[in-house]
Amino acid sequence: MPWETIVKDTAPRVPPNLADYGREQRWFAWSNARGQLLGLPGGRGLNIAYEAVDRHVDHGHGAAVALRCVGRDEQVTSVTYADLARRTARFANVLRALGVGRGDRTFTLLGRGPELFTVVLGTLKNTSVLCPLFPAFGPDPVRQRLRLGDARVLVTTAELYRRKVAPHRAELPGLEHVLIVGEGAADLPGTHDYAALLAEAYDEFVIPPTAPEDMALLHFTSGTTATPKGAVHVHEAVVAHHVSAAYALDLHPGDVFWCTADPGWVTGMSYGIIAPLTHGLTVVVDEGDYDARRWYRILAEQRVTVWYTAPTALRMLMRTTPRRGTHDLPRQYDLSALRFIASVGEPLNPEAVVWGQEVLGLPVHDNWWQTETGAIMIANFAACEIRPGSMGRPLPGVTAAVLERGEDGRAKITSDGHVHMLEEPDTEGELALRPGWPSMFRGYLHDKARYEEAFAGGWYLTGDVVRRDADGWYWFLGRADDVIKSAGHLVGPFEVESALMEHPAVAEAGVIGKPDPVAGTIIKAFVSLHPGHEPGPVLKRELIAFARRRLGPAVAPREITFDQHLPKTRSGKVMRRLLRARELGLPEGDTSTLEGPA
Amino acid sequence: MTYEQALDLVKTSLTRIVPDADFTALGPTDKFRDRLELDSLDFLQFVETLAELGGCRLDEDDYPRLVTLDGSTRLVAERAA
C-alpha cells in the first residue's frame, strides 16, 4: 500500500525559513549566502570557531546559553557563549604552548560532553585540524585512523586510552601529545592532564588569519575496498552548515536544538556542534545512551524545539510505542515545545514518518547527505509536503542528477569521460551532485587517486542508487557498491573482513549488510576456515568476540555464517554481491566472472 | 525462580552479545553497559533475549534496573517467579 502524502495544511507556529521551494531554488546563490557569516574581524578570513562562538560574544550575546549538557546522572550543566569562548581560547593556547599549529591534527576520542566542544572549537581557533573518532570504535579502527590521519594530538579519557590506544601507542610515533580528560592522567605515562593544562592557559586568544580554503576538519569514512578514507573539509564549509541548517532543519533564533548523533560521525560535528552554534542557539548535549524514557524526558524538560535524530533511534522508539497502541509513554511527557523533527543516517521507512505524525504529533522529515558532502544536500522541508519514504528534494544551491549505471553498478563512464543523465522519471541510477557547494570535501587525505575516482563528467558520484519521481522527489534504493549503512553508520566491509582474517582459523571472509527491522542493516560475515578448524557454535562465538574486541560494537559483525565455498571472482576476490543475493534470496545475476561453478 | 537461576539467564543473555564477557571482573553492582561496551542495539538485544529466556515481559520502565548484574537478576527473579 503506497503511503499517503503528508500535506502541511495548517499554518505553522513559526513561519518556515524556506517558504517557497521553487523561489528559493531559483534565487539562491552561495556567493550571497556567504554574507550570512561575518568573517574574522579586520577581514582576516573565515574561521568556523569564530562563527560558532566568538561572533556571538562580540555582538553582545555572550550570556546566552550555548550548551545544555545532560550528564549520565541527568544533572544539567549550562555553558554560555562567553564561557565557551573562554574555554576554547584556553584550549587553543594549550595547543599553541605544545607547539601544535596550523594544519596539525587533533583527534578526539571522547563521549558527548562540554569538553568535546572545547576541544573541537579550540582546535579550529588555533587553525589546527580536528578529527573526531567514535568512542564505540575498537582499538583497530582507532589505531588505523590515528595513523592515516597523522594525529599529533589526541584528547580522550583514561579508560578509552587504556583500552584502545595505549596497547598500540608505540606504533604511532607521530602521536606526540595525549591529553586525558577527567581522572587518571597521573597513572598513565606519556599523557597530560587536560584540566591542569587548561587551568594554566590564558583565556583569551586571537584567532590567526584563516583562509576559507584552510583545512579544518577530517572525517573518516568507509570505502568498499582498502582502508578508510579521510575526507578533508575546509573552514568555508561553515557557510553550508549554517545555510543548510536554516533550510533543512528550519533553525530559528531562540530554538533549543538536539542532535542525537555522536560527534564521532559527521552529523554530530556539522549539526551537533557547528551549525546550531553559528545560529546562536542552545544545543542540548546528552552524555547518556539511548533510553526511550530518558529521551522523552530530555525533549520535555529541555523544551527542545528542533530534534535531529536517526532512523534506528526512531525505530527503537516505535517498538516501545507502536502506532497502533495507546501511546501511553510519550503522553506522560510535555512535548509541546517540539516544532520540527528530522532524521538522517539511512533511509527512513515510511512508517517511521507517519509514526511521528500519529504518536508525537509531528511527521519526521528525512534528509540525505554524506561525509563527503559535509552538509545536508537533499531534504524534506518544514513548509513542503512529505512523501513518506522519500529523502526529499535538493536544497537551494544543490544540483542533483540521476546517472545511468554500468555493469559494475556504478555510474557508466564513456571512454571520453562522459556520463549519461537519466531524465525519465522513476528510472534507477546513481545519485550525482554538481560540485561547488562550500562544504564539499576537498580531497581524501594522502589519496588523490581515490578522490579523482569520485568524479566523472563534472559530477560527484555519491555511490547511492536512487530514483527521482516526476515531481523531483528523490527515493533511495540502495548502495551502488558494497559499503554498508548500519544503524546510521557507514561500515566498510574490507575493514571487517581484514579483522576477521587475522584470526588463525579464518581463511577468507565476505561481509555484507543484512536487513534488520531496527538497525536498517546489520553486519553479517561469511567466513571460510583453514583446514583443521571445525565450524560450530563455539568458534562462531569466539569469532564474534574476537571481532568485537578489535573493531568495537559499531563495526563488528553481529552474525557469522561458515561457508567453505565463498563465491569468488577469477581474480580471487570474494563476491559480496552474490553473498548478498543469496542471503536475501534474490537472483544471483551474471555469474560469468565467477571462479568456478557456485 | 532462584537468584542463581536468574543470574544464569542474565549472563547467558549478555554472552550472546559479548561471548567473551569477563564476569569475574564485573561486580554485581557495576554498570555493565559501559564495561562490556554495549551499544543501544546490543542493549535492546540483551533485554529481548532476557525477556525471552525468562519468559517474562520487560519494558522501558524496567530499564533503570537492567544496568547491573544484580539489578537485572533481581528483576528477572521477581518477574519469572
Report task. Check whether at least one residue in region A:548-563 is under 22 Å from residue A:407 (Cβ atoms), open to solvent by less than 60 Å² (accessible area, probe 1.4 Å) and outside the structural domain of residue A:138 (by TED's automatic domain parsing), and report yes or no. Result -> no
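Let me confirm something: among A:240, A:275, A:211, A:245, which residue is within 21 Å of residue A:52 (Cα to Cα), in contact (Cβ under 8 Å) with a residue 24 or more places away in the chain, small (Gly, Ala, Ser) and touching a Leu at 6+ places or on another chain (Cβ under 6 Å)? First the steps, then the outcome.
Working: A:240 fails: touching a Leu at 6+ places or on another chain (Cβ under 6 Å); A:275 fails: touching a Leu at 6+ places or on another chain (Cβ under 6 Å); A:211 fails: touching a Leu at 6+ places or on another chain (Cβ under 6 Å).
Of A:240, A:275, A:211, A:245, the one residue that is within 21 Å of residue A:52 (Cα to Cα), in contact (Cβ under 8 Å) with a residue 24 or more places away in the chain, small (Gly, Ala, Ser) and touching a Leu at 6+ places or on another chain (Cβ under 6 Å) is A:245.
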Query raised in the report: So, of the residues in region A:568-591 that are in contact with a helix residue (DSSP H, G or I) (Cβ under 8 Å, 6 or more places away or on another chain) and touching a residue at least 40 places away in the same chain (Cβ under 8 Å), which turns out to be nearest to the other protein chains (Cβ to nearest Cβ)?
Result: A:576
Report summary line: When every residue in region B:36-54 that is without any contact (Cβ under 8 Å) to a residue 12 or more places away in the chain and more than 10 Å from every other protein chain (Cβ to nearest Cβ) is compared, the one nearest to residue A:135 (Cα to Cα) is B:51
Query raised in the report: Among the residues of region A:299-318 satisfying the criterion of being away from chain B (no Cβ under 14 Å) and open to solvent by less than 10 Å² (accessible area, probe 1.4 Å), which is nearest to residue A:251 (Cα to Cα)?
Result: A:306
Query - Pairs where the first residue, in region A:12-25, is among the polar types (S, T, N, Q) and the second is in a helix (DSSP H, G or I), C-beta under 7 Å, 6+ apart - result: A:17/A:246; A:17/A:247
Query - Qualifying residue in region A:512-534 (condition: part of a helix (DSSP H, G or I) and either of a type in the set (Gly, Ala, Ser) or in contact with a Phe, Trp or Tyr (Cβ under 6 Å, 6 or more places away or on another chain) (or both)) - result: no
Query raised in the report: If the Cβ limit is 6 Å and pairs must be 6+ apart or interchain, which residue in region B:57-68 that is at negative phi pairs with which residue that is part of a loop (DSSP other than H, G, I, E, B) and not polar (S, T, N, Q)?
Result: B:63/A:291
Query raised in the report: within 14 Å of another protein chain (Cβ to nearest Cβ) and among the polar types (S, T, N, Q) - does that describe any residue in region A:509-527?
Result: yes
Report task. Name the one entry in B:33, B:57, B:16 that is within 14 Å of chain A (Cβ to nearest Cβ) and outside any helix (DSSP H, G or I). Result -> B:57
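Take the conditions farther than 22 Å from residue A:444 by Cα and among the hydrophobic types (A, V, I, L, M, F, W, C) and apply them to residue A:116. Does it pass? Step through it out loud before you land on a result.
Working: farther than 22 Å from residue A:444 by Cα: yes; among the hydrophobic types (A, V, I, L, M, F, W, C): yes.
Answer is yes for this residue.
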Query raised in the report: Residues of region A:12-39 being surrounded by 11 or more Cβ atoms within 10 Å (Cβ to Cβ) and in a loop (DSSP other than H, G, I, E, B), which ones?
Result: A:12, A:14, A:15, A:16, A:17, A:18, A:19, A:20, A:28, A:37, A:38, A:39
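Okay, residues lined up against (1) surrounded by fewer than 18 Cβ atoms within 10 Å (Cβ to Cβ); (2) aromatic (Phe, Trp, Tyr); (3) at positive phi:
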{"site": "B:23", "(1), (2), (3)": "yes, yes, no"}
{"site": "B:35", "(1), (2), (3)": "yes, no, no"}
{"site": "B:38", "(1), (2), (3)": "no, no, no"}
{"site": "B:42", "(1), (2), (3)": "no, no, no"}
{"site": "B:48", "(1), (2), (3)": "yes, no, no"}
{"site": "B:51", "(1), (2), (3)": "no, no, no"}
Requested in this report: Please specify each residue of region A:110-143 satisfying the condition of being at pLDDT below 95, assigned to a helix (DSSP H, G or I) and within 19 Å of the chain's Cα centre (by Cα).
Outcome: A:141
Query raised in the report: If we scan region A:537-552, do we find a residue that is assigned to a loop (DSSP other than H, G, I, E, B) and away from every other protein chain (no Cβ under 11 Å)?
Result: no
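The values are calculated or read from the model by the stated rules, or taken from the named source; none is laboratory data. Not measured: the values here are computed from a predicted model. A quick note on method: Cβ atoms are made from the backbone with ideal geometry, for glycine too, and the neighbour counts reach across all protein chains shown. The protein model used for the area step is the full one, side chains on, heavy atoms only, and it has no ligands, DNA or RNA in it. Shrake-Rupley method; radii C 1.70, N 1.55, O 1.52, S 1.80 Å.
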